[in-house]
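Remarks on the structure that follows.
The values are calculated or read from the model by the stated rules, or taken from the named source; none is laboratory data. Here the structure is a predicted model, which means the values were calculated and not measured. For accessibility, only protein heavy atoms count, side chains too; no ligands or nucleic acids. Shrake-Rupley method; radii C 1.70, N 1.55, O 1.52, S 1.80 Å.
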Amino acid sequence: SKLAALFEHPLYNIPIPEVTEKDKLFIVNPMEKFSLHSSGSDEWVSSSKAETLLPTGKTAYDTYPTWLKFHVGINRYELYPRRDPLLPTLLQDLATQRIISSVQKSGGTQLKLIMTFPNYGQALFKPMKQTRDQETPIDFFYFSDFERHNAEIAAFHLDRILDFRRIPPVSGRLVNITKEIRDITTDKKLAKTFFISPAGNVCFYGECSYYCSTEHALCGKPDRLEGSMAALLPDKTLAKRRSWRSPWRRSYHKSKKAEWELNPNYCAQVRETPPYDRGHRLLDLIDMTILDFLMGNMDRHHYETFEKFGNDTFLLHLDNGRGFGTHSRDEPSILAPLQQCCSIKKSTYLRLQLLATQPYRLSDLLREALAADPLAPVLAEPHLRALDRRLGKVLAAVGHCLAR
């Protein structure tokens with residue numbers, strides 16, 4: 001396994017700083033036990049008398065469902081650890097746990113559902129909108145592109161291979177529209193949008209600002225539909241997140257250009273503006289830029305951080321559905337922050353160099369990682385090959401900076 005060899009490499013074993021109590025997202029009471037009600041009501045109950053209830057040798061933490069262990073493990077430095085023993089179980093849960101509720105997520109330009117499991121775990125479901133081999137038409141603006149379920153799955157694995165670990169775990173899943181959405185939804189607006197197509201397939205379209213209409217309906221075969229299931233982050237009432245507008249945000253206008261596209265010295269003013277004037281925030285943003293360039297994602301207008309950790313923490317790489325839309329062309333403008341600032345983390349640069357070598361070829365690693373997903377093959381081969389070409393361009397951009 002190339003993937004196993006990669007994670008054994010010294011560059012993937014650089015220790016993170018010691019995690020103190022203030023570096024953890026949640027401080028957990030070690031005596032707090034969660035157990036499933038035996039009444040069949042499928043609810044988690046909490047008991048502070050854990051010592052009298054726990055089987056010998058078990059800690060209260062052992063009683064937590066996997067999604068809760070994932071939330072408890074989040075700290076200032078990483079969303080989940082490199083060698084996370086929970087990851088396979090969490091991905092398995094996302095792919096197989098019984099769905100007991102499906103409601104539409106409010107906001108956004110395209111339809112997304114929040115699905116709930118019997119153990120109170122929740123996932124964000126993005127349905128399949130186009131096939132693996134369809135490319136985004138060249139006349140499409142980036143902001144009118146479809147969100148792709150397979151891009152969400154591939155982005156999670158790519159982010160992990162780059163050792164950023166800033167995207168919540170995502171698994172592919174085949175959902176039964178009738179039993180797992182229509183029959184159990186309590187969302188009246190969503191319920192009104194189901195219909196049977198002329199071909200006899202079950203379809204629905206929900207309510208949203210762009211692609212929610214009969215012309216853009218999502219249809220099963222006859223009621224089976226592919227989608228991505230992403231583990232939800234802790235509720236914002238428990239762990240506040242701050243949304244930051246990217247300094248290299250595009251104009252989202254058909255003819256206007258953003259300031260960074262017109263001013264070659266744009267980075268100098270970014271470096272003087274908080275929070276980019278100190279710490280590693282700018283370097284983290286450049287990491288995100290590299291991830292986006294490799295995926296071909298032009299739609300990174302905002303990013304988020306956990307408010308508790310202030311400026312000294314990682315950026316969350318959420319919403320990656322507009323990646324992997326084209327493999328036949330690259331979008332150099334995505335790399336503007338790297339090219340204009342000529343800065344990159346040394347650890348990121350060394351890992352990128354490693355991923356350009358034969359034993360650790362990036363396309364091979366992602367292919368191997370995606371082979372275990374329930375919806376494999378997740379990406380068409382040309383997308384995997386494009387990664388190696390794009391990685392070469394990132395390294396060339398760093399080379400130009402070094403020459404300067």
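A few comments on the model shown:
- If you sort His149, His327 by accessible surface, 1.4 Å probe, largest first, the order is His327, His149.
- Divide the volume of the convex hull around the Cα atoms of the range 147-209 by the residue count and you get 134 Å³ per residue.
- One compactness figure for the chain is 1.02, namely its Cα radius of gyration divided by 2.2 N^0.38 Å.
- Value of Rg to Rh for the range 241-403 (Rh from inverse mean 1/r over Cα pairs, i.e. Kirkwood): 0.96
- Share of carbon and sulfur in the accessible heavy-atom surface of the chain [1.4 Å probe, %]: 54 percent
- The residues of the range 241-403 present an accessible area of 43 Å² per residue when probed at 1.4 Å with all protein chains retained.
- Residue-level accessible surface for Arg242, protein heavy atoms, 1.4 Å, Å²: 120 Å²
- Mean separation of Cα contacts under 8 Å, 6 or more apart, over the residue count of the range 241-403: relative contact order %: 24 percent
- Rounded accessible area of Glu381 (nearest 10 Å², 1.4 Å probe): 80 Å²
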